[in-house]
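Encoded as structure tokens, the structure appears first; notes follow it.
FYI, it's all coordinate maths here, none of it is from the lab. This one's a predicted model, so the numbers in the text were calculated from it and none came from an experiment. All Cβ positions, glycine included, derive from the backbone under ideal geometry; neighbour counts span all protein chains shown.
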Amino acid sequence: MSFKVKFTETAKDDLRNIAAYIAEASGEKSVAIRFVNELREKTKVLEDFPESGSLPRDRVMLSSGYRFLVHKEYLIFYHYDPKEGISYILAVFNAKRDYTRVMRKYIQK
């Protein structure tokens, strides 16, 4: 069975910001596009294995059903809705950031 993966507007904005940052830092737009495509490709595992992501250490996030994937130095946070069969990609950001602070806006919903 194949499940769906949907990027939220916030996650799409995150990918655009990551691309802009990499393009500026590297001076190569193609490098930025390739990396963002890698991030998108990483989420395809959720089409077959939606619960394959790692569990966060934060108790509130864990009890809310959040999971994340890791790609190089980036975290891809998502929430899987088994009733709908959809994994919602919520945010993509550098792993050096405090993920509980970044994800707090989703927890409070």
Share antiparallel - DSSP beta bridges, segment 4-107, percent rounded to 5:
80 percent
In the structure displayed, which of Lys12/Lys44; Lys44/Lys96; Lys4/Lys42; Lys44/Lys72 lie more than 20 Å apart, Cα to Cα?
Lys44/Lys96
Can you give me the P(r) profile for the chain? Cα pairs, bins 10 angstrom wide beginning at 0, each as a whole percent.
14, 48, 30, 8, 0
Cα-centred dipole magnitude for segment 4-107, charges only on beta-carbon of K, R (+1) and D, E (-1), debye, nearest 20:
220 debye
Quick one: if you stick a label point 7 Å off each Cα along the C-beta vector at Asp13 and Glu51, how many nm between them?
3.2 nm
